[in-house]
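Participant: Got a structure for you, questions after.
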Amino acid sequence: MEQQQQLLQVLTQYAVPDPRIVGKLPRGGINLDFVGHADITKILIEVDPLWRWVPIAWNEGRPAIHIENGMATMWAELTLLGHSRLGVGSVRADKPDLDKELVSDFLRNAAMRFGICLNLWTKQEWDDLSGKPVASAPQPIPADQPLSEKQLSDFTKACEKAGTSPARIALEAKVNLATATVTDLDKLRKVFKKVKADNLINLEAEDQADAAWQEQAQEAP
């Protein structure tokens, strides 16, 4: 448990590097932020003076290097606070100081596995040295959209079918049809249902009155 706390503290203290040690590295037509291996080494010493790294394989007394398609890679383990993690160094094979370049790239890569300068490897913003990413900014709520021609047409047809008028529904709903928006639909629907129900009741009453009148007419001498 103590080791876990120590490792988490590395993330807390070193995930976001001091801006003064962040340099620019031209790559692929853009400038990437990076921290040099000297500053990485300084951080490793601060975290654990007994840190060490060991290559995964050896070749004639030297770290084994694999070269393919013009790129050289070297796999190794970085041990920090008694915990070892894999890392890899990868550079162009035609570098004049190939061994040094590979070690330098490996140290940056492996240190990142412990959370050191981690924010340089991600697009996620970090708010402070706590190592906790900033919560994503809430997405803006899109502005209310006006009713489409189809929505207005369907509304008008429904009113006519129910024996009422769009103007009446809009008046009772307190909605201006000329500037009505999608959020106004709920108001219009609520009033429409009420008016439609009232119309049905009135129609039933009229039918009952007509039937009674017809019965009386038939019974008259």
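What follows draws every value from the coordinates through simple rules; no lab data is involved. Not measured: the values here are computed from a predicted model. In this analysis, Cβ positions are derived from the backbone assuming ideal geometry, glycine residues included, and neighbour counts consider all displayed protein chains.
Participant: Gain in length, residue 90 to residue 41, computed as 0.36 nm per residue apart minus the alpha-carbon separation, to one decimal in nm?
Facilitator: Stretched out fully, the residue 90 to residue 41 stretch lengthens by 15.8 nm.
Participant: Then there is this: Give the Cα extents of segment 28-90 along the principal axes, in whole Å, largest first.
Facilitator: 37, 37, 17
Participant: For residue 9 and residue 185, compute 0.36 nm times the residue count separating them, minus their Cα-Cα distance, and round to one decimal in nm.
Facilitator: 57.9 nm
Participant: Another question about this same structure. Order of 21, 45 from fewest to most other C-beta atoms within 10 Å?
Facilitator: 45, 21
Participant: Let me ask something else about it. Is there a pair in 150/196; 150/193; 157/193 whose C-alpha atoms are over 18 Å apart, and which pairs would that be? Don't skip to the answer; put the middle values down first.
Facilitator: Details: 150/196 21 Å; 150/193 20 Å; 157/193 14 Å.
Violating the 18 Å limit, Cα to Cα: 150/196; 150/193.
Participant: Next question. Using alpha carbons only, how many angstrom separate the centre of segment 108-123 from the centre of segment 31-57?
Facilitator: After rounding, the separation between the Cα centres reads 11 Å.
Participant: Which of the three applies to segment 2-121, rounded, prolate or oblate, going by the alpha-carbon gyration tensor with a ≥ b ≥ c and a/c under 1.5 meaning rounded?
Facilitator: Oblate shape, in that a/c is at least 1.5 and b/c is the bigger or equal ratio.
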